[in-house]
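Right, one structure below, let's go through it.
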Amino acid sequence: MLAPVDSISQVQHPNILWIIAEDMSQDQACYGNGIVKTPVIDKLAADGMRFTHMFTAAGVCAPSRSAIATGIYQNGIGAMHMRYADHLKPNLPDGIETIAQILRDHGYQTVGKGKKDYMFKIEGEAFEFEDIAEIDPKKPFFARINSHYTHRIFKNDSLNPISPNQIALPPYYPNVGPLRDDWAAYLENIQLLDREVGNMLDRFEEFGLLENTTISFYRIMGDLSLRENIGCMIVVHGYHSLSGFLNRYYR
């Protein structure tokens, strides 16, 4: 539901937090996985919205990131390759800006941590700050934090290890040991990601930055299997305060 445009100016601009993962499909507990432990993501889903039919615009990270940043299919701006030299990257068409640039123009502080490798040229810095400790807590912010989980190389979850014998591989995979080992490691990294998300939210709370904040947790492309690399997941917490604002400023 979108708020009437004339009512948007009557409310305080919401803070916007994007937490982004990579190489992950709908393999969290809130999406029905009975093995993985993801209490933080599950809580966001329970208190917000959980989307079940989401697809990325590209099956690899940089073109997908370029599409998300601009709201335009990467093919439409010449950003569909993975990857190429800076001097070969196209300029954005006239009138096209990233969401960070648009929000900055409307009074937002912009924070970017993690990957910023767009497949187009961008003037200046993509974000003003790299850490929330640098921003003014009295002004609205847009923070985009990109986690390395669940990107390879996988790490072991010693707190909640997953045995390869526990898992059921997707039906299009041969049921062999190396693939079971790899899938178990992937699921363990989802658990590590969940705890990292919890630590991120604790830090935002420590700085008093969660009030009036819309949180979106999503992944930029599906898991590394050839069949799942466009399947997507997204959880939005506090979505009602954001929809009308973006309808006005980010079309």
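Rule-based calculations on the coordinates, nothing more; no lab input. Note that the coordinates shown come from a computational prediction; the quantities given were computed from them, not determined experimentally. Glycine also receives a Cβ, built like all others from the backbone with ideal geometry; neighbour counts cover every protein chain displayed.
For region 51-154, state which GluC sites (Glu not before Pro) are in a DSSP loop and have at most 15 other beta carbons lying within 10 Å of their beta carbon. Present the calculation step by step, with values, prior to reporting the outcome.
Numbers: sites: 97, 123, 125, 128, 130, 134; in loops: 97, 123, 125, 128, 130.
Of the GluC sites (Glu not before Pro), the ones in loops of region 51-154 whose Cβ has at most 15 other Cβ atoms within 10 Å are 123, 125, 130.
Mind listing the phi-derived Karplus ³J(HN,Hα) values for region 67-84, rounded to whole Hz, using 6.51, -1.76 and 1.60 with θ = phi - 60°, and x for any glycine or proline?
5, 5, 5, 10, x, 10, 3, 4, 5, x, 10, x, 10, 8, 8, 9, 10, 8
List 81, 87 from most exposed to least, where exposure is judged by having the fewest other Cβ atoms within 10 Å. Don't skip to the end; give the middle numbers.
On the way: 81 15, 87 6.
Listed from fewest to most nearby Cβ atoms, that is 87, 81.
Going by C-beta contacts inside 10 Å, put 105, 94, 27, 42 in order with the fewest on the left.
Values: 105 10, 94 5, 27 21, 42 18.
Taking fewest neighbouring Cβ atoms as first place, the list is 94, 105, 42, 27.
Using 0.36 nm per residue, how much length does the chain from residue 94 to residue 53 gain when fully extended, once their Cα-Cα distance is taken away?
That pair, residue 94 and residue 53, stretches by 11.5 nm at full extension.
Just rank 187, 209, fewest to most, by other beta-carbon atoms within 10 angstrom. Let's see the in-between values first.
Details: 187 26, 209 19.
By the 10 Å Cβ count, ascending, the order reads 209, 187.
Which entries of 113/155; 116/139; 43/138; 89/139 show an alpha-carbon separation above 30 angstrom in the structure shown? Please report the intermediate quantities before stating the final value.
Numbers: 113/155 21 Å; 116/139 23 Å; 43/138 27 Å; 89/139 34 Å.
Pairs exceeding the cut-off: 89/139.
Between residue 219 and residues 5 or more places away or on another chain, which pairs have amide H atoms under 5 Å apart, with H built 1.01 Å from N, and which residues are they?
21, 233
Run down the aspartates and glutamates and flag those whose C-alpha is under 14 Å from the C-alpha of residue 37, throwing out any fewer than 8 positions away in its chain.
Correct list for residue 37: 27, 157, 188, 194, 196.
Taking the Cα centroid of region 161-220 and of region 118-158, what is the distance between the two, rounded to the nearest whole Å?
18 Å
Within a Cβ distance under 13 Å of residue 64, other residues only, what is the Lys/Arg minus Asp/Glu net charge? Write out the running numbers ahead of the final one.
Numbers: positive: 65, 83, 115, 219; negative: 22, 23, 117.
Result for the neighbourhood of residue 64: +1.
With label points built 7 Å along Cα→Cβ from the Cα atoms of residue 153 and residue 166, find their separation and express it in nm.
With each label placed 7 Å out from Cα toward Cβ, I get 2.4 nm.
Once phi is turned into ³J(HN,Hα) by the Karplus curve 6.51 cos²θ - 1.76 cosθ + 1.60 with θ = phi - 60°, what whole-Hz value does each residue of region 146-162 show in order, with x for glycine and proline?
Result, ordered by residue: 9, 7, 7, 5, 9, 6, 5, 8, 6, 10, 8, 9, 6, 6, 9, x, 10 Hz.
Chymotrypsin sites (Phe, Trp or Tyr not before Pro), restricted to region 97-191: which are DSSP loop and have at most 13 other Cβ atoms within 10 Å? Intermediate results must be reported in sequence, preceding the final value.
On the way: sites: 108, 118, 120, 127, 129, 141, 142, 149, 154, 172, 183, 186; in loops: 108, 118, 120, 127, 149, 154, 172.
Passing both the DSSP loop test and the Cβ count: 172.
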